[in-house]
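The values are calculated or read from the model by the stated rules, or taken from the named source; none is laboratory data. Predicted model, so just to flag it, every value in this text is computed and none were measured. Note that each Cβ is placed from the backbone with ideal geometry, even for glycine, and that neighbours are counted across all protein chains shown.
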Amino acid sequence: MLSAPATDLEVSAPFHGTVTLLVACGDELEAGAPVAVLEALKLESMLTAPVAGTVTGTVQDAVSGDDAVVSGGDVIITLRRR
């Protein structure tokens, strides 16, 4: 879905489900900040930023609509480390 430059870090979906983003491109994040909620079979999982950085891309850049259906391993966001 997304392709990150070598300097960017990718946050990927751990399993198939519907993702709701909590961030947008350009947002500045601290490590551990919530970036998305992934829902599958009524189970919700919070995805967080592994490092501090700037959001450089999101799954919304690759799909239309508010929520996106993703597979395990699909990139949810890309971050450029600070």
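Assorted remarks:
- Flag if Pro34 is modelled with pLDDT of 95 or more and surrounded by fewer than 14 Cβ atoms within 10 Å (Cβ to Cβ): yes
- Pick from region 37-52, criterion exposed (fewer than 13 other Cβ atoms within 10 Å of the Cβ) and not hydrophobic (A, V, I, L, M, F, W, C), ranking: nearest to Arg82 (Cα to Cα): Glu44
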